[in-house]
1. Ratio of Rg to Rh for the protein assembly as shown, alpha carbon only, Kirkwood?
2. Suppose a student asked you for the relative contact order of region A:9-71, using Cα pairs under 8 Å spaced at least 6 residues apart; what percent would you report?
3. Once the dipole of region A:1-130 is set up with Lys and Arg at +1 and Asp and Glu at -1 on Cβ about the Cα centre, which of A:His33, A:Ala120, A:Val48 lies farthest towards its positive end?
4. Please report, in debye to the nearest 20, how large the charge dipole of region B:1-146 is about its Cα centre when each Lys and Arg carries +1 at its beta carbon and each Asp and Glu carries -1 there.
5. Quick check on region B:97-144: take the gyration tensor over C-alpha atoms, sort the square-rooted eigenvalues as a ≥ b ≥ c, and tell me if it's rounded (a/c under 1.5), prolate or oblate.
6. Taking N as the number of residues in region B:1-61, what is its Cα Rg relative to 2.2 N^0.38 Å?
7. Just checking the output field for A:202-210: average partner chain Cβ neighbours within 10 Å of each residue's Cβ?
8. So what's region A:24-128 giving for Rg/Rh, alpha carbon basis, Kirkwood Rh from the mean inverse pair distance?
2 protein chains.
Amino acid sequence: MTESSAISWQSIRDEVLRRIRAREWRPGQLIPHEADLATEFGCARTTVNRALREVADSGMIERRRRAGTRVALHPVRRATLEIPVLRVEIERRGQAYGFTLLSRAAELPPPGICARMGSAPDRPLLHLTGLHTADGQPHALEDRWIATDAIPAAAQADFTTISPNEWLVLNVPFEGGDLTFSAHAASEGEARALRCAPGEALFVTERSTFQAGRSLTSVRLVFAPGHRVHTRL
Amino acid sequence: MTESSAISWQSIRDEVLRRIRAREWRPGQLIPHEADLATEFGCARTTVNRALREVADSGMIERRRRAGTRVALHPVRRATLEIPVLRVEIERRGQAYGFTLLSRAAELPPPGICARMGSAPDRPLLHLTGLHTADGQPHALEDRWIATDAIPAAAQADFTTISPNEWLVLNVPFEGGDLTFSAHAASEGEARALRCAPGEALFVTERSTFQAGRSLTSVRLVFAPGHRVHTRL
DNA sequence: CTCCTATTTATGTATGCACATAATAGCCAA
DNA sequence: TTGGCTATTATGTGCATACATAAATAGGAG
């Protein structure tokens with residue numbers, strides 16, 4: 001008899017998910033601990049641990065030392081969004097990418113930017129605006145603020161040949177940030193730049209990044225009409 | 001001397017990320033294999049493997065058996081989006097959640113839905129519309145199609161006490177799906193339901209899920225003005 | 001009864017080893 | 001040259017073991 005076939009962590013993960021969905025383990029309920037599951041499945045605890053770690057990453061269970069593992073009360077779905085550099089996103093669709101720098105100046109930030117970046121209102125930041133194009137058509141309008149004291153090199157960078165978007169990704173590591181999606185009616189200026197009607201519904205992303213507690217940059221991208229962000233679950 | 005302190009996989013992950021960002025390992029370049037790194041860091045290959053697996057999950061490196069590990073050409077950022085059930089999202093903000101079923105009927109799906117769900121145009125699906133409210137204010141308009149042959153139980157479900165959103169999350173497991181975000185100008189009907197002006201810019205999510213190759217449901221959520229989706233990087 | 005401490009316990013991680021698997025590279029034959 | 005077989009090699013995974021760490025609990029001092 002082939003007594004050798006080991007249990008894979010994937011099969012344990014699947015069985016755990018099955019039990020949760022079949023309500024054998026109900027939301028909020030404590031599930032058996034790793035050692036017991038290892039015995040039940042006839043494998044090492046390491047393997048159970050690996051499986052449960054994956055399930056925990058997906059948000060279906062919550063684990064705490066000593067307290068044990070319980071089924072999450074509210075099954076929160078988690079989706080991974082891929083956020084490529086705009087140039088790559090456009091070129092992947094087989095279109096020609098272009099970027100035009102529209103303005104560049106050291107300016108005092110408006111209150112909204114101050115709040116988001118935690119910056120002093122009397123301290124000038126580098127303010128850039130530009131247009132990303134795909135096959136010559138307007139794709140997205142970029143409005144960016146850069147903390148020059150945190151990124152001195154940005155003052156020298158030439159943003160006419162490389163977009164600030166890409167320059168920052170290539171040159172400035174960051175430890176975290178946040179990202180917001182929303183919808184917004186095109187202003188007069190946005191409509192002109194994106195060649196659409198004023199008031200048209202546009203997709204907007206706002207992102208800011210920080211490093212070592214310092215805010216680095218804050219950017220708002222207003223996309224041309226019809227833009228969609230897509231992801232798999 | 002304390003010769004005991006082991007190297008943690010986190011510290012290896014951080015060092016790997018540092019080298020990538022410092023351009024010691026350039027995009028597209030092959031990095032040393034696990035055994036070498038294990039020797040360099042003075043730890044077990046398992047530990048290096050764990051670290052590299054994490055980095056690979058974040059999208060910074062690509063790994064293939066036998067071929068080795070290389071730094072990703074285009075540093076694609078990955079963000080994890082949390083997609084809670086609407087009720088939970090609203091209640092977490094301390095607001096009172098409500099749902100009103102607006103319509104329920106077995107209908108022939110329009111071409112768009114047929115395409116997304118891979119459903120036959122002559123096969124009726126369960127079509128539901130309803131309004132999610134927060135503190136009595138319109139929050140999102142739901143327009144859902146359910147494949148009743150894949151989910152027979154949906155035909156009996158009472159969607160006036162529990163929203164289809166939540167009923168499906170609780171009762172129907174799925175293996176995958178996709179999710180799209182976009183902006184959309186409010187139609188007459190949407191404006192009436194959401195109590196906003198027609199043409200106003202609204203945030204829209206479209207989601208469809210499948211299981212075992214069969215499409216289960218397709219839903220379109222149109223949010224009231226001002227809605228934002230937020231995530232951390 | 002309250003507060004603090006020590007113990008217990010479940011998860012988290014590191015290690016050495018073995019073997020599985022995918023994919024390249026090299027070889028040989030037609 | 002071409003086709004296909006084989007050996008090689010880097011990653012992927014499983015296991016037994018050991019110890020680390022967080023956190024709940026029990027026990028003891030006041």
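Coordinate-derived values only; no laboratory data. Not measured: the values here are computed from a predicted model. Quick reminder, even Gly has a Cβ in these numbers, built from the backbone with ideal geometry, and neighbours come from all protein chains shown.
1. 0.99
2. Averaging sequence separation for qualifying contacts and normalising by length gives 41 percent for region A:9-71.
3. Towards the positive end, the residue furthest out is A:Ala120.
4. 540 debye
5. Note, shape of region B:97-144 comes out prolate.
6. So the Cα radius of gyration is 1.13 times the expected 2.2 N^0.38 Å.
7. 3
8. Reported Rg/Rh (Cα atoms, Kirkwood Rh): 1.29.
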